[in-house]
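Peer 1: For reference, the structure I am asking about is given below.
The values are calculated or read from the model by the stated rules, or taken from the named source; none is laboratory data. Keep in mind it's a predicted model, so treat the numbers as computed, not measured. Here Cβ is always computed from backbone atoms with ideal geometry, including for glycine, and neighbour counts include all displayed protein chains.
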Amino acid sequence: MNVLWVTNVALPEASLLMNEKPVPFGGWFASASSALANEDSVKLSIAFPKNGSSDVVRLKGKKITFYAFPPISEKEVKFDKKNIYLKKILGEVKTDIVHIFGTEYPHTLAMVNTCQEEKIVISIQGLMSFISTHCMAGIPVKIQNRFTIRDIIRQDNLKQQKDKFIKRGVFEIEALRKVKHIIGRTSWDRACTSQINPDAEYHFCNETLRDEFYKHTWDIKKCEKHSIFISQGSYPIKGLHFMLEAMPLIIKRFSDVKLYIGGDNITKSDTIKEKLKISSYGKYIKELIDKYDLKNRVVFTGFLDEKQMCKRYLQSHVFVCPSSIENSPNSLGEAMILGLPCVASDVGGVTDLLRHREEGFVYQADAPYMLAHYVCEIFSSKDLALEFSEKAREHAIKTHDIERNTNKLVEIYLNILN
C-alpha cells in the first residue's frame, strides 16, 4: 500500500534532512509515522507545506519519503481547482490512500480538490467551525475588542482571531463535505462531522502519543507537593484565565500552591520591546495575575522539548486541562499515561478519555470554583491521588497503545480500498 500523509508541519526527520531545527509541534506524528512505516504492507510518504519553497522538494528518510511543497493560500483554493504541486506529489507517490491530518488548512481542501475522493481520508484534530463558537469563553467583551500595539500591527486582536477561525471553518466544512471517509476518536468529533457530512463513513482510531511518555510513571513521593501544571496557555481556548480565577480559592486551603505553565511568558512587558510585543490575551493574563497577587506563584516554563515536558509532568502534583473546547487533548493523554492525577474541563471529547471520579475529576468548564475544589480534593488525599493515578494510567495505556492503533489504521486503509 502506498500511503501519503499530508500534515501541517514538518516531522523532525524531515527538518533534519533540510538542515533545520525540528519544530516543537506535532511530536506525536513522529511516533505514529514510525510505527506505520515499520509495517511490511505499507510504504509511507509524508507531504507538508514549507515556507519559502517554490517547488516540490523530495527528501529521502530512513523509511519515509518526505515532500515539502509551497504553502497554499486561501485564495488558491476558492475555485475548486487542482493544485499543480500536490498533483506532482500524487503522481510520484502513486498513492493508494491519501490521509490528511487536520481539516482547517487551505492545503487540506486543495488536496481534496486535487485527488480522487475515493482515495482520501481526513483525520479530525480540532474542528475550527465548532471551536470558533467556544474560543472566547470567559473573556470579557471589552478584552476581546481592545488592541495592543502588537495587535494593531498584526491586525490580530482577539475578535479578529475569532473571525479567522470562522473563515478557516468555511474551508474545513467544504473539505469534509467532499470526502467519503473520516477518522475520529471521540463522541464529539463524530457528532460534529456527522452534522457536516452525514454520508461520510466514520472510522474510529485512537491516537499514539510521543515516545517519551511511554517510558515513565509518576511517583507521588518525587513530585513537588501542591504544584499544578497546565501544558500551554498562550491563547484563550486553553483556559489559562479560568485557572487563574481558581487560584485564590486554592490558596485559601493550600498557601504554598504553585502553578507551572508550559511555554513562553506571554505576560512579559518590562522592556519597551516586550511592551510592543504583548498581545491582548497576554495583557489580560498579566492583569489577572496582578489582581489576585499571583506573581510569585505562577511560573512560565519556557519552551520544553519532549523530554523536558515529560519531566515537568512528573514533577507536578496535579495536571489541569482548563480548556474551553478540546477534541481529545494529547496533553491530557500524556498526563494520564504517566499516571499524574488530572482535573479537566468537561468539553468536547474529554469524557471519552477521563472518567469522572474514577480516573480523575471532570468539571463544568466555566466554573473555576469547581476546578479549585477538585484540585484541593487531590491535594488533600494521597489515597485519592494514587487511585486516580493507577486507574487513569491503566485506561490511557489501552487508549494510546501504539501497536493496536497502528493495526487499526492499517485496517481502516484496507477497508477504504476494498
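Peer 1: Might you let me know whether the stretch 283-303 holds any residue that is under 30 Å from PHE388 (Cα atoms), without any contact (Cβ under 8 Å) to a residue 24 or more places away in the chain and either surrounded by 13 or more Cβ atoms within 10 Å (Cβ to Cβ) or in contact with a Ser or Thr (Cβ under 7 Å, 6 or more places away or on another chain) (or both)?
Peer 2: No, because not a single residue in the stretch 283-303 is under 30 Å from PHE388 (Cα atoms), without any contact (Cβ under 8 Å) to a residue 24 or more places away in the chain and either surrounded by 13 or more Cβ atoms within 10 Å (Cβ to Cβ) or in contact with a Ser or Thr (Cβ under 7 Å, 6 or more places away or on another chain) (or both).
Peer 1: Continuing with the same structure: Of the residues GLY302, GLY263, GLY282, only one is of a type in the set (Gly, Ala, Ser), modelled with pLDDT of 95 or more, assigned by TED's automatic domain parsing to the domain that holds PRO322 and at negative phi; which?
Peer 2: Values: GLY302 fails: at negative phi; GLY263 fails: at negative phi.
Exactly one of GLY302, GLY263, GLY282 is of a type in the set (Gly, Ala, Ser), modelled with pLDDT of 95 or more, assigned by TED's automatic domain parsing to the domain that holds PRO322 and at negative phi, namely GLY282.
Peer 1: Looking at the stretch 187-196, can you tell me whether even one residue there is assigned to a helix (DSSP H, G or I), more than 14 Å from LEU127 (Cβ to Cβ) and out of contact with any strand residue (DSSP E or B) (no Cβ under 7 Å at 6 or more places or on another chain)?
Peer 2: No, that holds for no residue.
Peer 1: For LYS178, all conditions in the list (1) in contact with a strand residue (DSSP E or B) (Cβ under 8 Å, 6 or more places away or on another chain); (2) farther than 14 Å from ILE237 by Cβ hold save one; what is the number of the exception?
Peer 2: (1)
Peer 1: Looking only at residues in the stretch 357-408 that are under 23 Å from the mean Cα position of the chain (by Cα) and of a type in the set (Lys, Arg), which one is surrounded by the most Cβ atoms within 10 Å (Cβ to Cβ)?
Peer 2: Checked the stretch 357-408; the qualifying residue surrounded by the most Cβ atoms within 10 Å (Cβ to Cβ) is ARG393.
Peer 1: How many residues does the stretch 85-126 contain that are touching a Cys at 6+ places or on another chain (Cβ under 7 Å) and without any contact (Cβ under 8 Å) to a residue 24 or more places away in the chain?
Peer 2: 0
Results for (1) under 21 Å from THR108 (Cα atoms); (2) loosely packed, with under 15 Cβ neighbours inside 10 Å, shown as yes or no for each residue.
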site: GLU39; (1), (2): no, no
site: LEU44; (1), (2): yes, no
site: PRO49; (1), (2): yes, no
site: LYS62; (1), (2): no, yes
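Peer 1: So is LEU249 among the aliphatic types (A, V, I, L, M), farther than 21 Å from ASP346 by Cβ, assigned to a helix (DSSP H, G or I) and at pLDDT 95 or above or not?
Peer 2: Numbers: among the aliphatic types (A, V, I, L, M): yes; farther than 21 Å from ASP346 by Cβ: no; assigned to a helix (DSSP H, G or I): yes; at pLDDT 95 or above: yes.
No, not satisfied.
Peer 1: I've got another one for you. Please verify whether VAL343 is free of Cβ contacts under 8 Å to residues at least 24 places away in the same chain, in a strand (DSSP E or B) and in the same structural domain as ASP256 (by TED's automatic domain parsing), treating the condition exactly as stated.
Peer 2: Numbers: free of Cβ contacts under 8 Å to residues at least 24 places away in the same chain: no; in a strand (DSSP E or B): yes; in the same structural domain as ASP256 (by TED's automatic domain parsing): yes.
Judged against the criteria, VAL343 is not a match.
Peer 1: Can you find, within the stretch 64-75, the residue that is surrounded by the fewest Cβ atoms within 10 Å (Cβ to Cβ) among those that are of a type outside the set (S, T, N, Q) and closer than 28 Å to GLU411 by Cβ?
Peer 2: The extreme case among them is ILE64.
Peer 1: Condition test on TYR202, is it under 16 Å from THR103 (Cβ atoms) and among the aromatic types (Phe, Trp, Tyr)?
Peer 2: yes
Peer 1: Pick from the stretch 79-119 the residues that are in contact with a helix residue (DSSP H, G or I) (Cβ under 6 Å, 6 or more places away or on another chain) and in a strand (DSSP E or B): which of them is farthest from MET1 (Cα to Cα)?
Peer 2: Top of the filtered list is ILE100.
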